[in-house]
Amino acid sequence: LPGGACVIIVHAPDARRQATFSLLPLHMANDDAHHAQWSHLLEHMLIRTTDPHGLSAEGIWFNGETTEAYLPLETFAEPEHWKSALDRHARWLTAKHFDAPALEREKRVIAGEEQATAASGHTAKFALAAWTQAVMHGLKHARVHGEVGLLSVVLPPQRTR
C-alpha cells in the first residue's frame with residue numbers, strides 16, 4: 001500500500017470468526033529515555049480510541065499486547081461484522097488524538113497489569129523496558145514500575161530504530 005504498509009489476506013470461508021491483525025513495529029526496546037513503557041501505553045490508548053472501556057463491541061472482540069518483538073492489534077469478528085473490524089483497525093492506525101480521562105484511567109490499568117504480571121512471574125517485557133532504559137539509553141536508574149503514571153497527555157514522539 002502507499003506508505004509501505006503490507007496487507008496479507010488469507011481466505012478461510014468456513015471460519016466461524018474473521019481474524020484481523022495489525023502488527024506495529026513498536027515494543028519496549030523502542031521507548032525513548034525516561035519513557036519506559038511508552039509503547040505499552042500507546043497500545044492501550046489505540047484500543048481506547050475505538051472503545052473507551054471494553055474489549056468487545058458490535059460482534060467484534062479486540063485486544064492488543066505489547067510484546068518483545070512488535071505491537072499487535074487484533075480483532076475477531078462474526079462474519080457479518082468483518083467490515084466494522086477493518087474500520088476499527090483503520091481508526092487505530094490513524095489515531096492522532098487521545099482522550100485525557102482515558103489516558104489517566106489506562107495509566108491505572110497498566111499499573112494493575114504490572115502488579116498482576118510480576119506476581120505471576122511473567123516479567124520479560126518489563127525486564128526489556130528496564131534493559132532499554134539502562135543499556136540502550138545509559139541511564140543509571142531504570143524506572144519501569146510507575147513510569148507510565150508519570151507520562152503526560154502530550155506523549156513524546158516515538159522514534160523507530
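Evaluated against (1) touching a helix residue (DSSP H, G or I) at 6+ places or on another chain (Cβ under 8 Å); (2) surrounded by 14 or more Cβ atoms within 10 Å (Cβ to Cβ); (3) of a type outside the set (D, E, K, R), N63 falls short on exactly one condition, (2). Of the set (1) open to solvent by 20 Å² or more (accessible area, probe 1.4 Å); (2) over 20 Å from H27 (Cβ atoms); (3) in contact (Cβ under 8 Å) with a residue 60 or more places away in the chain; (4) touching a helix residue (DSSP H, G or I) at 6+ places or on another chain (Cβ under 8 Å), all apply to A77 but (1). Cβ separations smaller than 6 Å between residues 6+ apart or across chains give the following pairs from segment 42-57 residues that are touching a residue at least 12 places away in the same chain (Cβ under 8 Å) to residues that are outside any helix (DSSP H, G or I) and among the hydrophobic types (A, V, I, L, M, F, W, C): E43/L71; M45/F98; L46/A95; T49/A95.
Remark: pairs (first residue in segment 1-17, open to solvent by 100 Å² or more (accessible area, probe 1.4 Å); second residue among the hydrophobic types (A, V, I, L, M, F, W, C); Cβ separation under 6 Å; 6+ apart in sequence or on different chains) = R17/F76. For the criterion of being open to solvent by less than 90 Å² (accessible area, probe 1.4 Å), under 29 Å from E147 (Cα atoms), out of contact with any Lys or Arg (no Cβ under 6 Å at 6 or more places or on another chain) and of a type in the set (A, V, I, L, M), M28 fails. Restricting L139, L86, L71 to those that are surrounded by fewer than 17 Cβ atoms within 10 Å (Cβ to Cβ) and under 24 Å from V7 (Cα atoms) reduces the list to L86. Residue-level check: of (1) in contact (Cβ under 8 Å) with a residue 60 or more places away in the chain; (2) surrounded by fewer than 19 Cβ atoms within 10 Å (Cβ to Cβ); (3) within 19 Å of L150 (Cβ to Cβ), R108 misses just (1).
The values are calculated or read from the model by the stated rules, or taken from the named source; none is laboratory data. Since this is a predicted model, take the numbers as computed values, not measurements. So basically every Cβ, Gly included, is an ideal-geometry build from the backbone, and we count neighbours across all protein chains shown. These area figures cover heavy atoms from the full protein model, side chains too; ligands, DNA and RNA do not enter into them. Shrake-Rupley method; radii C 1.70, N 1.55, O 1.52, S 1.80 Å.
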